[in-house]
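Reading through the structure tokens given below for one structure.
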Amino acid sequence: MMTTELTVQQLFDLSGKVALITGGTGHLGSAMARALAEAGARVVVTSRDLLRARDTAATLPRAADAEHLPVHLGVELDHMQPEMLERSFGEVLQQTGRVDILVNNGHDAQADDWTTVTPEQFTRQLANATGYFELARLVRNHAVERGGGASVILLGSMYGMVASYPDAYEGICAASPVAYHTLKGGIIHLTRHLAIYWAKDGVRVNCLSPGPFPPERVSRAMVERLCTKSPLGRMGRPVEVKGAVVFLASDASSYVTGQNLVVDGGWTAW
């Protein structure tokens, strides 16, 4: 029996979808928020700073034929405060009616390396994973309740897969934090676990692991060292995660779940 085959444009089209992205005002978060909006989704940008969330949401593009649709939203959300997640998610549902896509991108940073990090700091860093899980579970439960599927994307890192080079940081700053490596490795495996348990619910769970995408504030000397470790010989640009997040969010990846998509310029291929 013949069925209509979707075109590539249709597969990547997010029109009619609602996408929630945490930490959507940051270096990579804002690029991914723009990507989801450009693909046609109504985007809910969250931040611990409500004004920043609203300002970012106001700058997101809208399709010319979508002027009649509701605007993008900015919502206050801190995934490090479990008691806040259900309330903030309820606010999102009240204003949008649904969430089809979750991008768990928010991150509470901890800069101390293995020589100075305290047990309390280490434990707090791991609480990022708790926030990712709790918000993902809210989206899964909502998807089941409304009888529809969802795409959940967790943000990992190349440093959840490989160790860092000590000589890239020596004499410039603390080495890549041990708690961060532990966190991101855990998030990659959390992806696999949730994907298996939620597959029957029509909820796909994948991980997006960026490589080196340093913001402008990072030491230029360190960036030069990092470039020598990359097969492509340069750092990533925020625009280079846009295609990956739309792929994982859309029907273009409808048969992809439990996977870790690495965007690292070949770093982990050495």
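Here are the numbers for this structure:
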| item | result |
| --- | --- |
| Selection count where residues are closer than 18 Å to Val99 by Cα and part of a helix (DSSP H, G or I), scope segment 237-251 | 6 |
| Residues being in contact (Cβ under 8 Å) with a residue 40 or more places away in the chain, of a type outside the set (S, T, N, Q) and open to solvent by 60 Å² or more (accessible area, probe 1.4 Å) - total across segment 110-121 | 2 |
| Residue among Arg234, Arg192 that is touching a residue at least 12 places away in the same chain (Cβ under 8 Å), in a helix (DSSP H, G or I) and open to solvent by 60 Å² or more (accessible area, probe 1.4 Å) | Arg192 |
| Members of segment 245-262 found to be within 23 Å of Lys184 (Cα to Cα), of a type in the set (A, V, I, L, M, F, W, C) and in contact with a helix residue (DSSP H, G or I) (Cβ under 9 Å, 6 or more places away or on another chain), listed by number | Val245, Val246, Phe247, Ala249, Val256, Leu261, Val262 |
| Within segment 154-172, considering residues that are in contact with a Gly (Cβ under 9 Å, 6 or more places away or on another chain) and not hydroxyl-bearing (Ser, Thr, Tyr), the one farthest from Cys227 (Cα to Cα) | Leu155 |
| Number of positions in segment 27-43 that are over 15 Å from the mean Cα position of the chain (by Cα) and open to solvent by less than 70 Å² (accessible area, probe 1.4 Å) | 4 |
| Failed item, numbered, when Ser209 is tested on (1) of a type in the set (Ser, Thr, Tyr); (2) at pLDDT below 95; (3) closer than 18 Å to Gly29 by Cα | (2) |
| Those residues of segment 10-19 which are open to solvent by 70 Å² or more (accessible area, probe 1.4 Å) and in a helix (DSSP H, G or I), in sequence order | Gln10, Phe12 |
| So Met222, is it farther than 26 Å from Ile101 by Cα, outside any helix (DSSP H, G or I) and open to solvent by less than 40 Å² (accessible area, probe 1.4 Å) | no |
| Matching entry among Thr7, Thr56, Thr46, Thr22 (being over 21 Å from Val139 (Cα atoms), modelled with pLDDT of 95 or more and crowded, with 23+ Cβ neighbours inside 10 Å) | Thr56 |
| The lone exception for Glu216 - which of (1) within 14 Å of the chain's Cα centre (by Cα); (2) in a loop (DSSP other than H, G, I, E, B) it fails | (1) |
| Condition check for Leu85: surrounded by fewer than 18 Cβ atoms within 10 Å (Cβ to Cβ), at pLDDT 95 or above, over 25 Å from Gly236 (Cβ atoms) and under 20 Å from the mean Cα position of the chain (by Cα) | no |
| Complete set of residues in segment 155-189 that are within 15 Å of Gly211 (Cα to Cα), open to solvent by 40 Å² or more (accessible area, probe 1.4 Å) and of a type in the set (Gly, Ala, Ser) | Ala163 |
| Count of segment 142-155 residues which are in a helix (DSSP H, G or I) and either touching a helix residue (DSSP H, G or I) at 6+ places or on another chain (Cβ under 9 Å) or of a type in the set (Lys, Arg) (or both) | 4 |
| Selection count where residues are hydroxyl-bearing (Ser, Thr, Tyr), out of contact with any helix residue (DSSP H, G or I) (no Cβ under 7 Å at 6 or more places or on another chain) and under 17 Å from Ala136 (Cβ atoms), scope segment 178-230 | 2 |
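The values are calculated or read from the model by the stated rules, or taken from the named source; none is laboratory data. Because the structure is predicted, anything quoted here is derived from the model rather than measured. Virtual Cβ from ideal backbone geometry, glycine too; neighbours counted across all protein chains shown. To get the accessible areas, we keep the full protein, side chains included, count just its heavy atoms, and leave off ligands, DNA and RNA. Shrake-Rupley method; radii C 1.70, N 1.55, O 1.52, S 1.80 Å.
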